[in-house]
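Laboratory data are not the source of any read-out in this text; all were calculated from the coordinates shown. Computed from a predicted structure; not experimentally measured. Methodologically, a virtual Cβ is constructed for each residue, glycine included, from the backbone with ideal geometry; neighbour enumeration extends over all protein chains shown.
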Amino acid sequence: MVVKKRKWWLILYGLLITVAFLYLLFPADVVKSRLEARLSSPHFSFKAEFLQPSLPFGIRLKSVALNVVEDKDVLFQGESFDFQTNLFSLWQKNSVVRITGKAYGGNFQGRIIFPAQNDIYPPVEGTLNFQNIDLERHAFIKKKLGKQISGKMRGSLFYQNASASSQQPVFSITLFLSQGNYTLPESFLGLNKIVFDSGEIKAQWNKDRLQIKKMEIFGPQFNCSLKGNIIPAVDVKNSQLNLTGVIETAGKNKIRTNITINGTLAHPVRHFT
């Protein structure tokens, strides 16, 4: 009995020593360089300052940045990023990688499905859930909107690459906003900024446009509900608007009216009926 116990302790000791050596001898710089190259594309570059192994079967990155190659804007910047591989998926048609991380004062988690036999870009499918994101710390959003924005954001992203049944990639997003404000590009109803208590946005990419299925904002000044399309431009501020909805002023004597918004993000044109 004593011999069997000693045998198992020796096996466990051997495994621990092996794991320790693998951790200490892990080629972090080589893996980081190869990962950056694999996750980059002609339009985006992926960079990380530090990489280390993460138990049980993953790696952890710190100070992560996803940059737009054309104008060198930082699209995403995170404090940490943890990749965990599903080993069973390595022998299947697609590989599954689970991700967790921290960014902009909040955190996120999700998974990405890559084609096992081909290049990992673009992925087959991806989902991401995030919460407690501080909009004021997101430099890319502020720069592209051209105005100051604050508040907290949570939500989810879903991506699916084009397949035999779907000729177009599927991209959808759901956002929930709370306790913030947005400085308007032009005065609206005598206001220079919109203060909101809560908001919800549901959108989906449809061919060459972003289809706004639901956009609701609730605040002390007014409540607003919109839907329609946004046709993106290279300079986001010049994206074309085609939105319709209803706006209702706050207070005892509420005024409810229909609204149509055209023009661009930088210079919206509003019509009331």
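At a glance:
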| item | result |
| --- | --- |
| Relative contact order for segment 124-273, counting Cα pairs under 8 Å that sit 6 or more residues apart, in percent | 14 percent |
| Local electrostatic count at Phe196 - Lys and Arg +1, Asp and Glu -1, tallied over other residues with Cβ under 13 Å | -1 |
| Cross-link table Lys144/Lys213; Lys93/Lys213; Lys213/Lys254, entries beyond 32 Å C-alpha to C-alpha | Lys93/Lys213 |
| Greater than 18 Å apart at Cα, pairs in Lys72/Lys143; Lys47/Lys237; Lys32/Lys62 | Lys47/Lys237 |
| Candidate lysines for bridging to Lys252, where Cα separation is under 28 Å - those fewer than 8 sequence places away on the same chain excluded | Lys193, Lys214, Lys227 |
| Likely footprinting exposure, Lys147, Lys213, Lys93, fewest C-beta neighbours within 10 Å first | Lys93, Lys213, Lys147 |
| Cα gyration tensor shape for segment 124-273, rounded if a/c is under 1.5, else prolate or oblate | prolate |
